[in-house]
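The structure under discussion appears below in the form of structure tokens.
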Amino acid sequence: MEPRPEDLNTWVNAGFARGEAAVWRRWGFTVATARAWISAGVTTGLTAAQWAIAGVTPATISGWRDAGISPADAVRWHEFGVGLRAAAEFKSRGVSPEQAWSQRTHGTDNPADIEVVRRFREAGVAGPVLSSYLLRQWLDEQALEWARQGVDAADAMGWRELGLTAAEGGELARAGRRPVTELREWWRVGIPFEEVADWLGAGLAPDEAAGHRANGVTVEQAARLRDQRRRRREPDQ
């Protein structure tokens, strides 16, 4: 783990102005790391943070700069899984990160493919998630809805087969739950397949649902609870 930033007085005593130090500290840098970035020619904490997000360090930044790649573009190359050498080659040929991604996944510069990548990226879909949808050629509006939730395409197909919405699947995915494992657990407690979505959408774990079911709670009641949870979630989407 990276060491925590020193307190503000330590930064000031090290020669940083308070406002300047506050920015470096906000992005989690220590005095030593900030000095390393400054020695590498990066004078603001925000710019250093952009480079760091892209996996660039003070020791490697010169290669990216020599290739004419900005920190913002470095982040995009990083999200698409492209390292410095490949990024520099693509850049020299005037190929954007989105075009490079299309070439790698389709072997083409098809404008339609590039437009799909652009649409998913503008929706905030991360590179690895986008890759899963491109590989399966599932690129319609429904796919975009699942991808926005950060759900891998394979898992999205599994959750959808169970009858869940994208928002419900996204909530489960963020909790680290997978459809195959989940279905196995629901079968274990004897919940019929066609009821799983309503019990699961109501926010119940398999053992909880089985207990309620044994005590006379019906799937119709679970469906109403699921609908209430969905309506509460909608304003936040």
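Some values worked out for this structure:
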quantity	calculated
Yes/no for ARG224 being assigned to a helix (DSSP H, G or I), under 27 Å from the mean Cα position of the chain (by Cα) and over 20 Å from ASP155 (Cβ atoms)	no
Matching residues in segment 172-186 - criterion: being touching a helix residue (DSSP H, G or I) at 6+ places or on another chain (Cβ under 8 Å) and in a helix (DSSP H, G or I)	LEU172, ALA173, PRO179, VAL180, GLU182, LEU183, GLU185, TRP186
Test result for VAL56, closer than 30 Å to ARG136 by Cα, crowded, with 20+ Cβ neighbours inside 10 Å and at pLDDT below 95	no
Candidate set: segment 16-43, residues that are assigned to a loop (DSSP other than H, G, I, E, B) and surrounded by fewer than 15 Cβ atoms within 10 Å (Cβ to Cβ); chosen: the one modelled with the lowest pLDDT	GLY28
Segment 198-212 residues that are without any contact (Cβ under 8 Å) to a residue 40 or more places away in the chain and within 10 Å of LEU225 (Cα to Cα), paired with ones that are of a type in the set (S, T, N, Q) and not in a loop (DSSP other than H, G, I, E, B) (beta carbon under 6 Å, 6 or more apart)	none
Extreme residue, nearest to ILE53 (Cα to Cα), among residues of segment 2-19 that are of a type in the set (Asp, Glu) and under 30 Å from the mean Cα position of the chain (by Cα)	GLU2
Close pairs from segment 161-175: first at negative phi and at pLDDT 90 or above, partner in a helix (DSSP H, G or I) and surrounded by fewer than 18 Cβ atoms within 10 Å (Cβ to Cβ), Cβ under 6 Å, at least 6 apart	ALA167/ARG233
Of the criteria (1) in contact (Cβ under 8 Å) with a residue 40 or more places away in the chain; (2) charged (D, E, K, R); (3) more than 27 Å from GLY150 (Cα to Cα), which one GLU79 fails	(3)
Which numbered condition ALA143 fails, given (1) in contact with a Leu (Cβ under 9 Å, 6 or more places away or on another chain); (2) within 30 Å of GLN99 (Cβ to Cβ); (3) assigned to a helix (DSSP H, G or I)	(1)
Residues of segment 2-15 satisfying the condition of being surrounded by 13 or more Cβ atoms within 10 Å (Cβ to Cβ) and either hydrophobic (A, V, I, L, M, F, W, C) or assigned to a loop (DSSP other than H, G, I, E, B) (or both)	PRO5, GLU6, LEU8, TRP11, VAL12, ALA14
Qualifying positions in segment 176-193 - charged (D, E, K, R) and touching a residue at least 12 places away in the same chain (Cβ under 8 Å)	ARG178, GLU182, GLU185, ARG188
Scope segment 126-160; condition of a type in the set (Phe, Trp, Tyr) and either over 14 Å from the mean Cα position of the chain (by Cα) or at pLDDT below 85 (or both); matching residues	TYR133, TRP138, TRP159
Residue that is surrounded by the most Cβ atoms within 10 Å (Cβ to Cβ), among those in segment 79-93 that are more than 22 Å from the chain's Cα centre (by Cα) and not in a loop (DSSP other than H, G, I, E, B)	PHE90
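The values are calculated or read from the model by the stated rules, or taken from the named source; none is laboratory data. All values derive from a computational prediction rather than experimental measurement. Counting neighbours? That spans all protein chains shown, and the Cβs are built from the backbone with ideal geometry, glycine included.
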